[in-house]
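The values are calculated or read from the model by the stated rules, or taken from the named source; none is laboratory data. Since the model is a prediction, treat every value here as computed from it, not as a measurement. For neighbour counting, all protein chains shown are included, and Cβ atoms are generated from backbone atoms with ideal geometry for every residue, glycine included.
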Amino acid sequence: MTISRRRILAVASAGLAVTLMPLPAQAATDAGDLIARFTDGATPGEGPLTISAPQIAENGNAVGVEVACPGARSIRILAPANPNPEVCTVHFGPRAGSRTLSTRIRMAETMDVIALAEMEDGGFVQASARVRVTIGGCGG
Amino acid sequence: MISRRHFLQASLAASALLGPAASGQWGRLAAQQRLSQSDLLDFDTFGNVTLIHLTDLHAQTQPIWFREASVKLGGGDARGQPPHLVGEDFLAHYGLERTSAMAHALTHVEFEALGQAYGRMGGLDRIATLVGAIRADRPDALLLDGGDTWHGSLPALRTDGQDMVNLMNALGVDAMTSHWEFTLGADRVDQIVSGLPFAFLGQNIFDTDWNEPVYEPYRLFERGGALVAVIGQAFPYTPIANPAWMFPDLSFGIREARMQAMVEEVRAQGADLVVVLSHNGFDVDRQMAARVQGIDVILTGHTHDALPEPLLVGQTLLIASGSNGKFVTRLDLDVRDGQMLGFRHRLIPVFADAIDPDPEMAALVAAERAPFAEELAEVLGHTDSLLYRRGNFNGTWDDLICTALMEERDAEIALSPGVRWGPSLMPGDPITREDVFNVTAMTYGQAYRRQMTGAEIHGAMEDIAENLFHPDPYFQQGGDMVRVGGLGYRIAVDRPMGERITGLTHLASGEALDMDRAYTVAGWASVTEGTEGPQIWDVVSDHIRKQGRVSVPGNETIEVVTG
């Protein structure tokens, strides 16, 4: 059995998170670390990856996010400012017709939601969308 | 060959030349007490399609005073552009004579003096006269209502919007879109819509369970041998700016991709003209016009802007028809073979003293008001100074409301929502119960009283400022800046969120607002379900009754910094 680098990174990060638990907002896992965890350290490029999310969340408890990426083998969504920033990872089989996923995320605060995709050729691509969570009111 | 774009620009130039001349003439006519209905209706019928646009009536059926904003800053690229020009800059941009009728209708310049010359504006019976006259020229003119119609007055509140539904049905609307309508609750809206004889449009309203469209996205009309598509766009941020618990199963949003899809769908069905009846707000519409292809006309709403000329974005005309019944837009179009080849436009100011009320509409309005006549007419006190709200920051009406909240609710600080609706009162005017409802009526008017730390107050103000001054219009969520009582501050509107508000001062003590201390805060219009307290109109009425006469100087405790 081999232990992949990704595994080691994940374990290391988990250890880090535990150490820093008493500090607020888990800011220790910045977006760069979270991305590296998915890409094995590779820097993702731009590609056919699209992310759609509302500019301003109507309800921070359920923010609809849709990610599509033709040619993706897997897609991960990150909400970096959340206590659990790794929202989900979805794997597509070779016969998957549409490489699209849609889900709802609970969001703690305003942030850039990040989508990452691992392509069938082994490369990585990234896209993000700013979603604002506001107290609202004062309406027009 | 002359391109379509060329035609549009040629027409626009003509309109720019004619507009000010005509306005100046009205000014002189008015000075001679001869501002007449025929001057206001003067229009050479053009092309084959006529659109009549009315928006943001806020249930104002009576002639009113309405002072336009003296501070109306835009975020990002919109700064210094229409509709963010005010006062002298506005007059210079459009070449309007300073004392003309249009100058009075469109700006705050010498508002009190010119008001004496030109009188009140609006009134649904006057609007009915104008609509009737336009229909006499063009019987199949389309009358399109941009929404915020069923809310904003005592009768509308007491009848759950039924008075306005009845009156707009009588006026003969062809389609509408919405925003404050949903503060009647989704069930009430559906009840009204099920009986409406016209289209209630909103391509951007979906249900939260299945993410499926709830209302008709568009409707097609055959007019003058052309097929006209009207696509509805409700206020995208209704569940954020207003209480989402009143319509928990609905989701809004800009939904730009679906707007593009709807444009393509109606074009595929043979639409010769694509009109968007919008409640996006002007800056959002301007951005949408640049990003969505194939829209001929956007009838804008929500931000209460009135522009004497269309604003052209690419090949899309943006029309801004004001609010509170002050204006009716007539837009005549030459539409042939799937193309808009030219237009003629007039923003018609509804000067109440110059227009004969339509007797049928006047009778209907009176009948709707009759059950409330006694309460509407109750005089609570008088004002010695101009009371107004419209503008980015505290108006004098807001200062009066904030003072009422602090004194009647024994609070150190008051917060009042930066809504854009609410007519003005002239110095010397009585303040009636109706006037107070006109600036406060809503279905969530409970005046709360709670503790907030200085840091919480600061955080809320930063959040609201971000919603107003974000450089990207798609992030501009609500109304104007929250109004504050008992607090002074400095706002650098172009700074990022968290850095705009400084110098917060607790005015009673003259000391800096203590970030850690809890203050007693009174406010109203909370979007939180279950908010308790007396209704704001009762709080304000009590205060005015006690004062007898009020005089509110302009606010001098808010410093606005740009750049």
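Listed by first and then second residue, the pairs with beta-carbon distance under 6 Å, at least 6 apart or on different chains, first residue in the range B:157-183 and in contact (Cβ under 8 Å) with a residue 12 or more places away in the chain, second of a type in the set (Ser, Thr, Tyr) and outside any helix (DSSP H, G or I), are B:MET164/B:THR149; B:THR183/B:THR443.
Name the pairs whose Cβ atoms lie under 8 Å apart, with the first residue in the range B:293-314 and in contact (Cβ under 8 Å) with a residue 12 or more places away in the chain, the second in a loop (DSSP other than H, G, I, E, B) and of a type in the set (A, V, I, L, M, F, W, C), and 6 or more positions between them or separate chains? From residues that are in contact (Cβ under 8 Å) with a residue 12 or more places away in the chain, the pairs are B:HIS302/B:PHE235; B:HIS304/B:TRP421; B:PRO308/B:LEU96.
The numbered conditions (1) crowded, with 20+ Cβ neighbours inside 10 Å; (2) among the acidic types (Asp, Glu); (3) facing another protein chain (nearest Cβ under 9 Å) are all true for B:ASP435 except (3). Selection within the range B:307-318: residues that are over 14 Å from B:GLN287 (Cα atoms) and surrounded by 24 or more Cβ atoms within 10 Å (Cβ to Cβ). The member of this set that is farthest from the other protein chains (Cβ to nearest Cβ) is B:PRO308.
Taken over the range A:58-69, residues that are modelled with pLDDT under 95 and either in a loop (DSSP other than H, G, I, E, B) or away from every other protein chain (no Cβ under 14 Å) (or both) amount to 5. Scanning the range B:260-282 for residues that are within 14 Å of another protein chain (Cβ to nearest Cβ) and buried (at least 24 other Cβ atoms within 10 Å of the Cβ) yields B:SER278, B:HIS279, B:ASN280, B:GLY281, B:PHE282. Could you tell me whether the range B:397-406 includes any residue that is touching a residue at least 24 places away in the same chain (Cβ under 8 Å), β-branched (Val, Ile, Thr) and part of a loop (DSSP other than H, G, I, E, B)? For the range B:397-406, residues touching a residue at least 24 places away in the same chain (Cβ under 8 Å), β-branched (Val, Ile, Thr) and part of a loop (DSSP other than H, G, I, E, B): absent. Of the residues making up the range B:276-299, those that are over 22 Å from the mean Cα position of the chain (by Cα) and in a helix (DSSP H, G or I) are B:ALA290, B:ARG291.
Looking across the range A:33-57, the residues that are within 14 Å of chain B (Cβ to nearest Cβ), part of a loop (DSSP other than H, G, I, E, B) and either buried (at least 22 other Cβ atoms within 10 Å of the Cβ) or hydrophobic (A, V, I, L, M, F, W, C) (or both) come down to A:ALA53, A:PRO54, A:ALA57. When you scan the range B:459-467, do you find a residue that is farther than 22 Å from B:ARG409 by Cβ, touching a strand residue (DSSP E or B) at 6+ places or on another chain (Cβ under 8 Å), acidic (Asp, Glu) and away from chain A (no Cβ under 13 Å), even just one? Scanning the range B:459-467, I find no residue that is farther than 22 Å from B:ARG409 by Cβ, touching a strand residue (DSSP E or B) at 6+ places or on another chain (Cβ under 8 Å), acidic (Asp, Glu) and away from chain A (no Cβ under 13 Å), so the answer is no. For the range B:191-201, the criterion of being surrounded by 22 or more Cβ atoms within 10 Å (Cβ to Cβ), within 20 Å of the chain's Cα centre (by Cα) and under 30 Å from B:PHE46 (Cβ atoms) is met by at least one residue. Restricting attention to the range B:238-259, the residues that are crowded, with 24+ Cβ neighbours inside 10 Å and either farther than 17 Å from A:SER52 by Cβ or of a type in the set (Asp, Glu) (or both) total 7. Just one of (1) more than 14 Å from chain A (Cβ to nearest Cβ); (2) buried (at least 23 other Cβ atoms within 10 Å of the Cβ); (3) within 19 Å of the chain's Cα centre (by Cα) fails for B:GLY146. It is (1).
Take the range B:207-237 and flag every residue that is within 14 Å of chain A (Cβ to nearest Cβ), more than 23 Å from B:THR55 (Cβ to Cβ) and either of a type in the set (D, E, K, R) or in contact (Cβ under 8 Å) with a residue 60 or more places away in the chain (or both). Passing the criteria: B:ASP207, B:ASP209, B:GLU212. Against the test of being assigned by TED's automatic domain parsing to the domain that holds B:GLY224, modelled with pLDDT of 95 or more and within 19 Å of B:HIS345 (Cβ to Cβ), the options B:HIS84, B:HIS53 yield a single qualifying residue, B:HIS53. From the list B:GLY454, B:GLY485, the one residue that fits, being surrounded by 22 or more Cβ atoms within 10 Å (Cβ to Cβ) and touching a Leu at 6+ places or on another chain (Cβ under 9 Å), is B:GLY485. Among the residues of the range B:279-319, those identified as polar (S, T, N, Q) and within 14 Å of B:ALA234 (Cβ to Cβ) are B:ASN280, B:THR300.
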